[in-house]
Amino acid sequence: MRDLWHYVEKEEWDNHTSPMKFILLGMGNVSSLKTLFFLFLLVIYSVTMVGNILIVVLVVADQHLHTPMYFFLGNLSSLETCYSSTILPRLLASFLTGDRTISVHGCMAQLHFFCSFVVSECYLLAMMSYDRYLAICQPLLYASLMTWKVSLWLAAASWLVGFLISTVVTSFLSQLKFCGPKAIDHFFCDFTPLLELACNDTRVVTTVGFIVSFLDIVFPFLFTLASYVCIIAAILRISSSMGRQKAFSTCSSHLTVVTVFYGTLIIVYLIPRTAPLRQLNRVFSFFYTILTPLVNPLIYSLRNREVREALGKLCPLSKTPGLLVSCCVASPVDVRVVQVCQED
């Protein structure tokens, strides 16, 4: 069966592509459900773009949302918008036209932007956890420590680190020579599937990938984990159960997003890419690359009174509960609530 797969892909390569192109195998053989998949992905992409762009518009337009926490949320929504746009338009085009080929330069560009936004999101989530740590564990110093200047530098550093690390990875990977059928067993150009197609020695690139993985995934994850250990410890020291519940509710949305994002991300890159597990790998990749930008705004918006008020000012029709579900913004840590909880 494996030999047949290689033969079929090689034939498709020989007949439909040039030596400067790759074939993206996508989610597998779904030709009979192509229209359904196209409509499904189109809805996901449309809702993702509308939801995240709406967050950015609200944060910019409403003065009540001009706080460091909402500033981070605006950056996160911008990242989610760019993140989805590196993968979904190309995937939608392949379902619509049936052309699954992508040029080498296009593949490297997709990998570069994808890695850049993923790394930036890892660091931005870490910065958001630091913001929550200051608000809950150092509430009296929050205003002096998390100033606009500090929040601007933290957000800018997240974007810059993502770009620099992605540039390093792409530069090393672009030096490799690719051979074989040049069929990428994935629905986008990712690091590991591309590395599998290389003809020459990949030890240097693998080492660089390992170092980068520590810098862009493990380090911010450990930082976020340490922040939440301190946060949970501070919440547990609150005497009243009502106070603990109120304090925990201020960071539960972000904790949920962090758990989902890092959980799927770690699983994707820890699962061995053996034949039986490749489909499972694609499923988890689909979740963190496509569904996470969709559900993040929904997770964030459910309990946010300030965002509902801002949305009501922007669009009176949005006061309808059914329409509010599509408006996705995170609940920031309210320092005053935390102080009251701690006094309890």
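The values are calculated or read from the model by the stated rules, or taken from the named source; none is laboratory data. Fair warning: this is a prediction, and the values are worked out from it, not measured in the lab. We place every Cβ from the backbone using ideal geometry, glycine too, and count neighbours over all the protein chains shown. Accessible surface areas use protein heavy atoms only, side chains included; no ligands, DNA or RNA. Shrake-Rupley method; radii C 1.70, N 1.55, O 1.52, S 1.80 Å.
Side notes on the structure shown:
- Pairs with Cβ under 6 Å, 6+ apart, first in the stretch 110-130 and over 18 Å from Thr147 (Cα atoms), second small (Gly, Ala, Ser): His112/Ser166; Cys115/Ser166; Ser116/Gly162; Ser116/Ser166; Val119/Gly162; Ser120/Ser158; Ser120/Gly162; Tyr123/Ser158
- Some residue of the stretch 258-276 being charged (D, E, K, R), open to solvent by 30 Å² or more (accessible area, probe 1.4 Å) and under 22 Å from the mean Cα position of the chain (by Cα): yes
- Members of the stretch 117-141 that are open to solvent by 10 Å² or more (accessible area, probe 1.4 Å) and not hydroxyl-bearing (Ser, Thr, Tyr): Phe117, Val118, Met127, Cys137, Gln138, Pro139, Leu140, Leu141
- Test result for Thr167, of a type in the set (Ser, Thr, Tyr), assigned to a helix (DSSP H, G or I) and either at positive phi or modelled with pLDDT under 85 (or both): no
- Residue in the stretch 227-246 that is closer than 20 Å to Ser116 by Cα, in a helix (DSSP H, G or I) and open to solvent by 20 Å² or more (accessible area, probe 1.4 Å) present: no
- When the stretch 109-147 is filtered for residues that are more than 30 Å from Arg90 (Cα to Cα), in contact with a Pro (Cβ under 7 Å, 6 or more places away or on another chain) and in a helix (DSSP H, G or I), only Asp131 remains.
- The set of residues in the stretch 42-92 that are under 18 Å from Ser158 (Cα atoms), more than 14 Å from the chain's Cα centre (by Cα) and of a type in the set (A, V, I, L, M) comprises Val56, Met69.
- Unique residue being at pLDDT 80 or above and over 21 Å from Ser46 (Cα atoms) when the list is Tyr269, Tyr262: Tyr262
- The sole residue among Leu311, Leu280, Leu291 that is surrounded by fewer than 19 Cβ atoms within 10 Å (Cβ to Cβ), in a helix (DSSP H, G or I) and modelled with pLDDT under 80 is Leu280.
- Any hit, the stretch 178-186, residues being open to solvent by 30 Å² or more (accessible area, probe 1.4 Å), of a type in the set (Gly, Ala, Ser) and part of a helix (DSSP H, G or I): no
- Residues that are open to solvent by 40 Å² or more (accessible area, probe 1.4 Å) and under 18 Å from Val268 (Cβ atoms) do occur in the stretch 202-212, at least one of them.
- Exactly one residue among Thr207, Thr192 is within 27 Å of the chain's Cα centre (by Cα) and without any contact (Cβ under 8 Å) to a residue 24 or more places away in the chain, and that residue is Thr207.
- Of all residues in the stretch 101-116, none are more than 30 Å from Ser171 (Cα to Cα) and of a type outside the set (A, V, I, L, M, F, W, C).
- Within the option set Ser144, Ser77, being at negative phi, surrounded by fewer than 20 Cβ atoms within 10 Å (Cβ to Cβ) and among the small types (Gly, Ala, Ser) holds for one residue only, Ser144.
- For the stretch 247-260, the set of residues classified as without any contact (Cβ under 8 Å) to a residue 60 or more places away in the chain and either closer than 13 Å to Thr224 by Cα or not in a helix (DSSP H, G or I) (or both) consists of Leu255, Thr256, Thr259, listed by residue number.
- Residue match in the stretch 54-71 (condition: in a helix (DSSP H, G or I), of a type in the set (Phe, Trp, Tyr), within 25 Å of Met146 (Cα to Cα) and out of contact with any Asp or Glu (no Cβ under 6 Å at 6 or more places or on another chain)): yes
- Flag for Ser174 being under 26 Å from Phe188 (Cβ atoms), touching a strand residue (DSSP E or B) at 6+ places or on another chain (Cβ under 6 Å) and hydroxyl-bearing (Ser, Thr, Tyr): no
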